[in-house]
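Each value in this text was obtained by applying a stated rule to the coordinates, not by laboratory testing. If you're wondering where the values come from, they're calculated on a predicted model, not measured in any experiment. As a convention, Cβ positions derive from the backbone with ideal geometry for all residues, glycine included, and neighbour counts pool all protein chains shown.
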Amino acid sequence: DQQVKQNSPSLSVQEGRISILNCDYTNSMFDYFLWYKKYPAEGPTFLISISSIKDKNEDGRFTVFLNKSAKHLSLHIVPSQPGDSAVYFCAASPGNNNDMRFGAGTRLTVKP
Amino acid sequence: EAQVTQNPRYLITVTGKKLTVTCSQNMNHEYMSWYRQDPGLGLRQIYYSMNVEVTDKGDVPEGYKVSRKEKRNFPLILESPSPNQTSLYFCASSLGSGIVYEQYFGPGTRLTVT
């Protein structure tokens, strides 16, 4: 039972444009959400997070939006750069690392 | 350099031959965990440890064992590997687990069981 879903396995965008990666969750107990980025042959690295008391969190070119009523979050990358090409995992938790759930990942390709 | 290391990075073995994947972190983190990554399923937690001598099952613990005798090390043991354990494995660590801390992941171990 996948409680965190990333329905787009892949996304391709042009350099300089916006990348929007989406994530849906089913468990209403989730109250903290994270995005991890993974390059080939490396482990995932933390990118950005948001708690359920917020609806937006921004860090440089990366912004995460949370819509609690729709149980949906999205990661916006503006402007996209070729170095952003990676697999992005969405993760959600009810408040601890023990019950963290990850999505299947979205492979982003940014074309020069 | 703060890091999580795993060994080996690649392993091909046969069904039933016991193996151990080592994991070590140098950040003095209390919390460590093991995940497996499979296509279409993302990362699923196998086991986690909140501190030395404290371990517990994650979502997919069947066929795996762990131990946490020292804070820095958290080996994953497959006593009798089977082909359905062919996967990409990641070890991770974080400051704690009582709230959500970002996790630091190792580079991964690609295991093939024939």
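3J(HN,Hα) along the range B:8-18, derived from phi through the Karplus expression 6.51 cos²θ - 1.76 cosθ + 1.60 where θ = phi - 60°, amounts to x, 7, 9, 8, 10, 9, 10, 3, x, 8, 4 Hz, with x in place of Gly and Pro. Rg over Rh for the range B:64-114 works out to 1.03, both radii taken from alpha-carbon positions and Rh defined as the Kirkwood radius.
Rg over Rh for the range A:1-71 works out to 0.96, using Cα positions for both radii and the Kirkwood form for Rh. For the range B:30-114, the Cβ-based charge dipole about the Cα centre amounts to some 180 debye (Lys, Arg positive; Asp, Glu negative; other atoms uncharged).
Shape summary of the protein assembly as shown, radius of gyration then Dmax from alpha carbon positions: 17.4, 51 Å.
Within the P(r) computed for the range A:20-107, what percentage of the Cα pairs occupies the region above 21 Å?
Tail fraction, whole percent: 24.
Each of A:ASN98 and A:LEU11 was given a label point 7 Å from its Cα along the Cα-to-Cβ line. The distance between the two points is 3.3 nm. Placing unit charges on the Cβ atoms only, positive for Lys and Arg and negative for Asp and Glu, gives the range A:29-96 a dipole magnitude near 140 debye about its Cα centre. Amide H contacts for A:GLY105 (H built 1.01 Å from N in the peptide plane; partners 5 or more residues away or on another chain; cut-off under 5 Å): A:GLN6, A:CYS90. Other protein chain C-beta atoms within 10 Å of residue C-beta, averaged over B:86-92: 1. Remark: mean inter-chain Cβ contacts per residue of A:101-107 equal 4, using a 10 Å Cβ-Cβ cutoff to other protein chain atoms. Within the range B:26-114, all pairs of alpha-carbon atoms sorted by distance into 5 Å bins from zero give the percentages 3, 15, 26, 26, 17, 9, 3, 0.
Ordering A:SER12, A:TYR39, A:SER49 by the projection of their Cα atoms onto the charge dipole of the range A:1-61, which places +1 on the Cβ of Lys and Arg and -1 on the Cβ of Asp and Glu, puts A:SER12 at the extreme positive end. Summarising the overall dimensions of the range A:59-112 from its C-alpha atoms, the Rg and Dmax are 13.1, 39 angstrom. What's the center-to-center distance, using Cα atoms, between the range B:15-63 and the range B:87-108 in Å? Here the answer is 9 Å between Cα centres. The string of couplings for the range B:79-91 from the Karplus curve (6.51, -1.76, 1.60, θ = phi - 60°) is 5, 9, x, 10, x, 6, 9, 5, 5, 9, 10, 10, 9 Hz, one whole number per residue in order, with x for Gly and Pro. Listed by chain and number, the lysines whose alpha-carbon sits under 18 Å from that of B:LYS69, ignoring those within fewer than 8 places in the same chain, are B:LYS57. Size descriptors for the range B:39-84, from the alpha-carbon set: Rg then Dmax equal 11.7, 34 Å. Pairs of lysines in chain A whose Cα atoms sit within less than 19 Å of one another amount to 11, provided the residues are eight or more positions apart or on different chains. For the range A:92-101, backbone phi angles converted through the Karplus equation (6.51, -1.76, 1.60; θ = phi - 60°) give residue-by-residue couplings of 9, 8, x, x, 8, 6, 5, 10, 5, 10 Hz, Gly and Pro being listed as x.
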